[in-house]
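Scroll down for the structure; my scribbles are underneath it.
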Amino acid sequence: MHRSYRILATVIFFVAGSAFADGSHFSASDLRSGLGIKKQGRIVIRNDEQSITAYGFFGNVSKALVSLRTSRSLRYASFGNSVYDSSAQVNAALPVYLANAIGDAAKKHGVDPRLLVAVANRESRFNPNAVSPVGACGLMQLMPATARYLGIKNVFDARENVFGGAKYLRTLLDTFHGDLDLTLAAYNAGPGAVEKYNGVPPFRETKAYVASIRAAYQRSLH
């Protein structure tokens with residue numbers, strides 16, 4: 001999370017089962033163009049025939065959480081089940097507090113702890129006090145807005161930060177159907193950038209980021 005183009009919040013879009021109790025599916029074409037739906041709570045859905053955008057309201061400020069384009073779709077290449085192996089053993093030499101935090105976060109969110117290690121190493125070199133030039137903080141280099149979204153109260157608390165990073169990674173893995181490259185690209189450049197470029201964005205830093213973490217993670221599997 002080192003570039004100014006990083007999206008500050010993760011992308012999560014929940015559709016309550018009660019809203020579609022008949023099991024029907026929902027798409028942009030199901031609503032008249034320009035129609036908005038506001039349920040009790042904090043979500044508004046708007047339709048422009050080409051996309052559905054959900055907005056989260058924080059006081060008087062709205063922020064787009066997700067835009068699903070119907071005119072094109074990403075191609076996913078699942079890395080395999082290892083990314084979800086939360087009980088995997090980490091061979092890296094880590095301080096006890098950090099090894100425990102990573103192990104516990106991996107189990108809670110269903111992510112391979114070896115992947116968390118690879119990301120934390122690349123992001124901060126395991127420095128819980130790291131701050132990037134654009135304000136990303138802590139071991140997993142979470143932007144302040146992302147940290148708030150994830151429920152982190154103290155971004156410099158190593159355990160909280162790792163749990164937040166694990167939750168974010170799991171969200172991205174689910175969003176991109178286990179595609180590790182897209183997950184890492186979204187962690188670095190933001191889910192919006194992955195959608196915009198229909199794959200890994202052509203940013204030099206993001207390409208290097210994805211390649212570096214993927215290689216480190218693959219080495220840890222052997």
Whose amide H sits under 5 Å from the amide H of Leu142, counting only residues 5 or more places off or on another chain, with H placed in the peptide plane? Cys137
For the modelled label position 7 Å from the Cα of Asp104 along Cα-to-Cβ, which residues of region 142-162 have backbone nitrogen atoms closer than 17 Å? 151-162
Would you mind ranking Lys196, Lys153 so that the residue whose beta carbon has the fewest other beta carbons within 10 Å leads the list? Lys153, Lys196
Residues in region 105-138 near a label at Asp174, defined as backbone nitrogen under 18 Å from the 7 Å Cα→Cβ point? 105-113, 116
Each label point is 7 Å from the Cα along the Cα-to-Cβ direction; what then is the distance between the points at Tyr76 and Val131, in nm? 3.8
Nearest-20 debye value, region 81-220 charge dipole, Cβ charges on Lys, Arg, Asp, Glu: 160
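All of the numbers you see were taken from the coordinates with simple rules; none came from a lab. These numbers were taken from a predicted model, which means no experiment stands behind them. As a convention, Cβ positions derive from the backbone with ideal geometry for all residues, glycine included, and neighbour counts pool all protein chains shown.
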